[in-house]
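One structure below.
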Amino acid sequence: MINIPKGTKDVLPDKSYKWQFVEKAACETAEIFNIKEIRTPVFEHTELFQRGVGETTDVVNKEMYTFEDKGGRSITLKPEGTAGAVRMFVENGLSSTPMPLKSYYITPCFRYERPQAGRLREFHQFGVEIFGAKSAETDAEVIFAASTFLEKLGINKTELQINSIGCRICRAEYNKALKDYFRPRLADMCETCRSRFDKNPLRMLDCKEERCKKITADAPKILDYLCEDCNTHFEKVKSLLSAQNVAFSVNSRIVRGLDYYTKTVFEFISTDIGAQGAVCAGGRYDNLVEELGGAPLPAIGFAAGIERLMLLMENTGADFGENKKPLIYIAGMDEISRSKAFSLTCGLRARGINAESDLMERSVKAQFKYADKLGAEYVAVIGANELEAGAANIKKMSDGSQTAVNFNEIYSYLIKEKN
Ligand code: ATP
Ligand code: MG
């Protein structure tokens, strides 16, 4: 017996409707916001993520599934969706299409992490990326798309936290201040933080170690260092959110786990699923398109972790819609009746009805039992008498009432009953 790899999960047939519910909410959200689907490969050249996600991030340093393929290339399973989306955008010359370009994806992601509730090695993201627009309205729109999605899932207890981490100009100033603050305290910080000090001190604010958290609590705040352009932008984003009555708080400690972010960053956080509270996160990345070989172009996006959202929905008793059941099960008493039941079932399906009949050569009693397990709303039994009469008794399972219906009128009977 070979088991499933650690940190991965099967979706069993009685649970897949929950996935479809979440994916449908994602697609419906995208449709309202006129965002088009994109699909990029599950694997890319390793260098894409090294350059795109950033060499100082945990994702690139510790978590990537990287291997050499038979042609000697270094390949990585995508740990997130943005880098691939940007590569697609640049490679296909999409900057010459009308801007903005609004895209979304639902994709598996792979990260070698310590599995726990809400943290897997293969997980799935619904992500949105908008290219070409630098206005504050774009930031607000991306946040609205995320909150619309959460609303559709019946998730209304998350907290939206936002921050601005500035642009190249203000970040340089801020990095200096951060270094001045951390330098005398460096000896008390973890090894990872010490290694980040030179390359990317901002990343130190993201450290999860207690001793480092204590030190970073009093570190200078990026918001005090924003340049005029970044400050105006951030103020405008906040006022656009307020104008639409979207509640948020400013959390100057949000820096996000990936290196490419600029200006607005945000997270939707839940307290109902324990430590892994971020269900949806994103931000602006105005330098990434250029860093990945395109002409400079602003962009912004978010990604929501589907497993984490489903965990949250389960914990809060949210509604996943219903697992579809057969409208009718047609049982057969003997060989000839079973054939008739089968052909009636085929006829109903051809007209769009979810109908079932026996494939297991079961006794009539066992067919009934199975129909009950399936939750069929109506059950008909066909035997010699029914064949002769050309009609079947259709039993409505919810109240036990029975109606004789001609074989060729079963469809219209069911349609009438349903309305
Ligand atoms: P965290 O701080 O929880 O590790 P992150 O900053 O690494 O999150 P992102 O890279 O921003 O996460 O990914 C976006 C979303 O994807 C997260 O908010 C989360 O919902 C989900 N996610 C990230 N890593 C995992 C994982 N290993 N398993 C399940 N979901 C994940
Ligand atoms: Mg992470």
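A few points about this structure:
- So residue 304, is it farther than 23 Å from residue 402 by Cα, among the small types (Gly, Ala, Ser) and in contact (Cβ under 8 Å) with a residue 12 or more places away in the chain: yes
- When 82, 56, 76 are checked against the criterion of being under 15 Å from the mean Cα position of the chain (by Cα) and either closer than 30 Å to residue 275 by Cβ or more than 16 Å from ligand 2 (Cβ to nearest atom) (or both), a single residue qualifies: 82.
- So residue 173, is it surrounded by fewer than 19 Cβ atoms within 10 Å (Cβ to Cβ) and not in a helix (DSSP H, G or I): no
- Residue check, residue 185 closer than 21 Å to residue 54 by Cβ and either surrounded by 14 or more Cβ atoms within 10 Å (Cβ to Cβ) or at pLDDT below 95 (or both): no
- For the criterion of being open to solvent by less than 60 Å² (accessible area, probe 1.4 Å), under 30 Å from residue 204 (Cα atoms) and within 20 Å of the chain's Cα centre (by Cα), residue 8 passes.
- Tally of residues being basic (Lys, Arg) and free of Cβ contacts under 8 Å to residues at least 40 places away in the same chain across segment 219-252: 1
- Residues (among the small types (Gly, Ala, Ser) and under 15 Å from residue 345 (Cβ atoms)) located in segment 372-400: 376, 380, 392
- Within segment 50-102, tally of residues that are assigned to a helix (DSSP H, G or I), within 14 Å of ligand 1 (Cβ to nearest atom), out of contact with any strand residue (DSSP E or B) (no Cβ under 8 Å at 6 or more places or on another chain) and open to solvent by less than 30 Å² (accessible area, probe 1.4 Å): 5
- Residue satisfying condition, being away from ligand 2 (no atom under 16 Å from the Cβ), touching a Phe, Trp or Tyr at 6+ places or on another chain (Cβ under 9 Å), of a type in the set (A, V, I, L, M) and more than 18 Å from residue 286 (Cβ to Cβ), within set 106, 143: 106
- Residue in segment 163-181 that is charged (D, E, K, R) and under 25 Å from residue 26 (Cα atoms) present: no
- Residue list for segment 11-38, restricted to those being open to solvent by 100 Å² or more (accessible area, probe 1.4 Å) and under 23 Å from residue 89 (Cα atoms): 31, 32, 36
- One residue stands out in segment 246-275 among those that are polar (S, T, N, Q) and modelled with pLDDT of 95 or more: the one that is least open to solvent (accessible area, probe 1.4 Å), namely 264.
- Considering residues of segment 295-308 that are open to solvent by less than 20 Å² (accessible area, probe 1.4 Å) and away from ligand 2 (no atom under 16 Å from the Cβ) only, the residue nearest to the chain's Cα centre (by Cα): 301
- Scanning segment 108-132 for residues that are over 21 Å from residue 57 (Cα atoms) and open to solvent by less than 20 Å² (accessible area, probe 1.4 Å) yields 126, 128, 130, 131.
- Some residue of segment 127-138 being within 16 Å of ligand 2 (Cβ to nearest atom) and touching a residue at least 24 places away in the same chain (Cβ under 8 Å): yes
- Single residue of segment 117-146 satisfying the filter (more than 9 Å from ligand 1 (Cβ to nearest atom) and assigned to a strand (DSSP E or B)) that is farthest from the chain's Cα centre (by Cα): 131
The values are calculated or read from the model by the stated rules, or taken from the named source; none is laboratory data. Computed from a predicted structure; not experimentally measured. Positions of Cβ are backbone-derived with ideal geometry, glycine not excepted, and every protein chain shown enters the neighbour counts. Surface areas here come from the heavy atoms of the whole protein model, side chains and all, with no ligands, DNA or RNA. Shrake-Rupley method; radii C 1.70, N 1.55, O 1.52, S 1.80 Å.
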